[in-house]
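Undergrad: Have a look at this one before I ask anything.
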Amino acid sequence: MVTSPGLERTTVLRERRSAAAHIGRICFKTGPPVHTGVELEWTVHDAADPARPVDRERLRAALGRHSPVTLDSTSPARTLRHGSAVTVEPGGQVEVSTAPRPSLAALVLATDADIAELTALLARAGLVLGRTGIDPWRAPRPVLETNRYRAMRRVFDRRGPAGRTMMYSTAGLQVCLDAGEPADLALRWATLHAVGPPLVAAFATADRHAGRRTGWASARMAAWLAIDPDRTRPVWSPDRPDEDPVAAWTRYVLTAPLLCLRQDGADWTPPAGVTFADWIDGALPRAPTTDDLEYHVSTLFPPVRPRGYLEVRYLDAQPGADWRIPLAVLTALLARSETARAARAVAAPVADRWHAAARRGLADPPVAVAATALLDLALTVLPELDLPPEIHEQTSSGIRRRRVAAERGYR
């Protein structure tokens, strides 16, 4: 997240309107939609026995100088050769976060190279990347412990086991798109939300977990939806389709309960039910700062999250190079304002069917109808994205495969 130039990170917040102003400054950076980024997360497995646990030390040895400091406090945490940062999630999932690129082609080529480098590092340690959005073989198990992760687990445990499943077993694909010009922000924001359920279904890969069928097309999305609706439900709603994105996000941030309260000692668990607005109003011994606000924002996990850019968080990890396909679909759907409007209109009838999409996937007929139309729309725009011929053909073929699967869902 980018810190606002107008306020120091340690500015004390004593009024809700000051917090709201800061949120508006940092969370939506408008301008020409030029850059695209991606964050790819995978479960990690022993190459010979994918059900075998992989411990922290084995990951540290495999990643070497690319280990994040949460894994090795002495690590230089070097990026991969093409600029992707490597992080490790609490269940041992490995994630690469790319540098933003000015074209889809540049992003794909650089990311492919960094994935190849990461794959080689892991292979030397007898490890391989997973291919689905949730661990198909192993039950949830902590690998990496930090004050933040302990606090998250304790808060999530208040509601049940879904938090541990999310933290220790899931792997997602996040697409990061510019917020766009001020006049287009509301459209891009609404479109990315509205197309969510059909794209969840079209790219669901998480139906098996811990050695069994889950009954969900995307058990990863099911876990996220079950954690805590105050921090994982969509910000945009078809019930309020024209609400200002900044106002909606500000309300979401201020009314969400705290997940972590950074303080001396190892226990960062906050008092139950205290929201950030409550903190501003004096619910805790000290007043919050702008840095506390930005940290709180990092503990909110809606399907689309504004971080200056728009971060799409609802997609399952994809097998092999298939991560390119949903990336290209989303980029195509937002390539032009008229395309975004068409995508929003197509998805409008199912824009609230998050649970149905996660549960039934393309077996839900209304969601399948919308997914088919969205994939058709993406195919019409794909040639404009200037992908190299081989990657264009592979991506087009992948979209068409999913379109056929979607069409079967309602015929």
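The values are calculated or read from the model by the stated rules, or taken from the named source; none is laboratory data. Treat the numbers as computed from the prediction; the structure is a model and nothing was measured. Glycine gets a Cβ as well: all are built from the backbone with ideal geometry, and neighbour counts include every protein chain shown.
Undergrad: Between a first residue in the range 3-22 that is β-branched (Val, Ile, Thr) and a second residue that is modelled with pLDDT under 95, which pairs have beta carbons less than 7 Å apart while being 6 or more apart in sequence or on different chains?
TA: Thr3/Arg9; Thr3/Ile26
Undergrad: Also, I was wondering about something else. Scan the range 163-190 for residues that are free of Cβ contacts under 8 Å to residues at least 60 places away in the same chain and surrounded by fewer than 23 Cβ atoms within 10 Å (Cβ to Cβ) and report the count.
TA: Matching residues across the range 163-190 total 3.
Undergrad: Here's another thing I want to ask about it. I'd like the full set of residues that are more than 21 Å from the chain's Cα centre (by Cα) and part of a loop (DSSP other than H, G, I, E, B), limited to the range 201-237.
TA: Ala210, Gly211, Thr214, Gly215
Undergrad: Count, please, the residues in the range 66-95 that happen to be of a type in the set (D, E, K, R) and more than 25 Å from Arg141 (Cβ to Cβ).
TA: 2
Undergrad: Going through Ala358, Ala351, Ala370 one at a time, which residue ends up being within 17 Å of Leu192 (Cα to Cα), touching a Ser or Thr at 6+ places or on another chain (Cβ under 7 Å) and crowded, with 19+ Cβ neighbours inside 10 Å?
TA: Answer to the check: Ala358.
Undergrad: What's the total number of residues in the range 373-408 that are surrounded by 16 or more Cβ atoms within 10 Å (Cβ to Cβ), without any contact (Cβ under 8 Å) to a residue 60 or more places away in the chain and not aliphatic (A, V, I, L, M)?
TA: The qualifying residues number 4.
Undergrad: In this structure, does Asp135 turn out to be touching a Lys or Arg at 6+ places or on another chain (Cβ under 6 Å), acidic (Asp, Glu) and more than 20 Å from Pro326 (Cβ to Cβ)?
TA: When the stated conditions are applied, Asp135 does not pass them.
Undergrad: For the range 138-161, which positions are in a helix (DSSP H, G or I), surrounded by fewer than 19 Cβ atoms within 10 Å (Cβ to Cβ) and in contact with a helix residue (DSSP H, G or I) (Cβ under 7 Å, 6 or more places away or on another chain)? So that I can check it myself, show each step before the final result.
TA: At the first step, the residues of the range 138-161 found to be in a helix (DSSP H, G or I) are 147-157.
Filter once more, so that each one left must be surrounded by fewer than 19 Cβ atoms within 10 Å (Cβ to Cβ): 147-148, 150, 153-154, 157.
Arg153, Asp157 - these are the residues of the range 138-161 that are in a helix (DSSP H, G or I), surrounded by fewer than 19 Cβ atoms within 10 Å (Cβ to Cβ) and in contact with a helix residue (DSSP H, G or I) (Cβ under 7 Å, 6 or more places away or on another chain).
Undergrad: Looking at Pro285, Pro271 in this structure, which one is farther than 30 Å from Ala371 by Cβ and without any contact (Cβ under 8 Å) to a residue 12 or more places away in the chain?
TA: Pro285
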